[in-house]
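Undergrad: Take this structure, written in structure tokens, and hold onto it; I'll ask about it next.
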Amino acid sequence: MELVDTHAHLNFKESYRDLPEVLERAQKAGLSAIVVVGIDLKTSRRALELARSWPGFIHATVGVHPHEVRKLTPEDYRELQDLAAQAVAIGEIGLDFAKEYSPRDLQREHLERQLELARSLGLPVVLHVREAYGEALEILARYPSLSMVFHCFAGGIAEARQALDLGAYLSVTGIVTFPKAENLREVVRFVPLDRLLLETDCPFLTPVPFRGKRNEPAYVRYVCEKVAEIKGIPIEECAWQTTQNARRFFGI
Ligand SMILES: [Zn+2]
């Protein structure tokens, strides 16, 4: 059985001092690829560094998370452009009106600038959207040529339908295993299997049965197991289809 973790923060150095062991467990769990996602310049650089160290196994995205955009300078965009040339996607980028660590205007501005960067390079985008689906979908509709994934999708059926209409993928984390996540399970039931991606978002969102511990890519297996159960299909079929989706989306 082959799996891909499409969203991992192995670039958070403090969380993964034991990285070689973490990667060994991932390989034993059947992972054939891990996409390491940047949230700012520093973690984007680190993601690329990891991709160079484990070629073909680790792939990097570069981008600035809505929480971090208030720190961006014009020089940062020059560097981001250079880094993006070596990345498989731009992300994670988006709008987060739940925490609002950066002012909303800046979030909108930097989302659009990074969408334009993705479009100019022909790269797909990894989106982080919280309590801003209406506005995000409105902006994204202006970029019809972009391939996009809503990482850790947190909307309802209505938002899922709109995202699918834009041609987007929806990505599922370990939240799907949480007892209270019936809404998300409903969304997973609704979304066609060929538009779903699996991720851990590690070190966060550790699935049952390891909830409370640090998350790592090997645990994407538990996300797959739960999605398969919801869809009423064998875990192998879920793994196969979501792996095809990940390969197609990221071009890996
Ligand atoms: Zn993330």
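Undergrad: What's the total number of residues in the range 1-26 that are free of Cβ contacts under 8 Å to residues at least 12 places away in the same chain and among the polar types (S, T, N, Q)?
TA: Qualifying residue count, the range 1-26: 0.
Undergrad: Tell me the residue from Arg46, Arg25, Arg78 that is in a helix (DSSP H, G or I), crowded, with 18+ Cβ neighbours inside 10 Å, more than 12 Å from the ligand (Cβ to nearest atom) and among the basic types (Lys, Arg), please.
TA: None of the other options fit; the residue is Arg46.
Undergrad: Answer with yes or no whether Asp18 is of a type outside the set (Val, Ile, Thr) and surrounded by 16 or more Cβ atoms within 10 Å (Cβ to Cβ). Break it down stepwise before answering.
TA: Working: of a type outside the set (Val, Ile, Thr): yes; surrounded by 16 or more Cβ atoms within 10 Å (Cβ to Cβ): no.
So Asp18 does not fit the description; no.
Undergrad: What is the residue count in the range 229-238 for residues that are surrounded by fewer than 19 Cβ atoms within 10 Å (Cβ to Cβ) and assigned to a helix (DSSP H, G or I)?
TA: Filtering the range 229-238 for residues surrounded by fewer than 19 Cβ atoms within 10 Å (Cβ to Cβ) gives 229-237.
Keeping just the survivors that are assigned to a helix (DSSP H, G or I) gives 229-231, 235-237.
Summing the residues that are surrounded by fewer than 19 Cβ atoms within 10 Å (Cβ to Cβ) and assigned to a helix (DSSP H, G or I) in the range 229-238 gives 6.
Undergrad: Look at Pro74 and say whether it is closer than 27 Å to Gln244 by Cα and out of contact with any helix residue (DSSP H, G or I) (no Cβ under 6 Å at 6 or more places or on another chain).
TA: Working: closer than 27 Å to Gln244 by Cα: no; out of contact with any helix residue (DSSP H, G or I) (no Cβ under 6 Å at 6 or more places or on another chain): yes.
Answer is no for this residue.
Undergrad: Cβ-Cβ below 6 Å, separation at least six or inter-chain, first residue in the range 34-48 and farther than 18 Å from Gln107 by Cβ, second assigned to a strand (DSSP E or B) and within 12 Å of the ligand (Cβ to nearest atom): which pairs?
TA: Pairs found: Ile34/Asp5; Ile34/Ala8; Val35/Thr6; Val36/Ala8; Ala47/Val36.
Undergrad: Would you be able to tell me the number of residues in the range 189-232 that are touching a Phe, Trp or Tyr at 6+ places or on another chain (Cβ under 9 Å) and among the β-branched types (Val, Ile, Thr)?
TA: Selection size over the range 189-232: 4.
Undergrad: Let me ask something additional. Filter the range 103-137 down to residues that are within 27 Å of Ala51 (Cβ to Cβ) and in a loop (DSSP other than H, G, I, E, B) and give me whichever is farthest from the ligand (Cβ to nearest atom).
TA: Gly122
Undergrad: All but one of (1) surrounded by fewer than 24 Cβ atoms within 10 Å (Cβ to Cβ); (2) under 18 Å from Val4 (Cα atoms); (3) charged (D, E, K, R) hold for Glu216; which doesn't?
TA: So the condition that Glu216 fails would be (1).
Undergrad: Among the residues in the range 123-134, are any under 17 Å from the mean Cα position of the chain (by Cα), at pLDDT 95 or above, of a type in the set (Ser, Thr, Tyr) and farther than 17 Å from Gly251 by Cβ?
TA: yes
Undergrad: State yes or no: is Val64 in contact (Cβ under 8 Å) with a residue 24 or more places away in the chain, part of a strand (DSSP E or B), within 18 Å of Ala8 (Cα to Cα) and of a type in the set (Val, Ile, Thr)?
TA: Values: in contact (Cβ under 8 Å) with a residue 24 or more places away in the chain: yes; part of a strand (DSSP E or B): no; within 18 Å of Ala8 (Cα to Cα): yes; of a type in the set (Val, Ile, Thr): yes.
No, not satisfied.
Undergrad: Across the range 1-15, which residue is farthest from the ligand (Cβ to nearest atom) among those that are modelled with pLDDT of 95 or more and surrounded by fewer than 20 Cβ atoms within 10 Å (Cβ to Cβ)?
TA: It comes out as Glu2.
Undergrad: On the basis of being more than 16 Å from the ligand (Cβ to nearest atom), in contact with a helix residue (DSSP H, G or I) (Cβ under 8 Å, 6 or more places away or on another chain) and part of a helix (DSSP H, G or I), does Ala158 make the cut?
TA: Considered against the rule, which asks whether it is more than 16 Å from the ligand (Cβ to nearest atom), in contact with a helix residue (DSSP H, G or I) (Cβ under 8 Å, 6 or more places away or on another chain) and part of a helix (DSSP H, G or I), Ala158 comes out as no.
Undergrad: Moving on. Starting from the range 139-156, take each residue that is under 14 Å from Arg108 (Cβ atoms) and list its partners that are within 16 Å of the ligand (Cβ to nearest atom), counting only C-beta distances under 7 angstrom and pairs at least six apart or across chains.
TA: Partner pairs satisfying both residue conditions: Ile139/Leu111; Leu140/Met148.
Undergrad: Is there any pair linking a residue in the range 105-118 that is surrounded by fewer than 17 Cβ atoms within 10 Å (Cβ to Cβ) to one that is basic (Lys, Arg) and not in a helix (DSSP H, G or I), with Cβ under 9 Å and at least six apart or on different chains, and which?
TA: Glu112/Arg142
Undergrad: For the range 200-209, indicate whether the set of residues that are modelled with pLDDT of 95 or more, surrounded by fewer than 24 Cβ atoms within 10 Å (Cβ to Cβ) and away from the ligand (no atom under 16 Å from the Cβ) is non-empty.
TA: Yes: one or more hits.
The values are calculated or read from the model by the stated rules, or taken from the named source; none is laboratory data. Keep in mind that what you see is a predicted model, and the values were worked out from it rather than measured. Quick reminder, even Gly has a Cβ in these numbers, built from the backbone with ideal geometry, and neighbours come from all protein chains shown.
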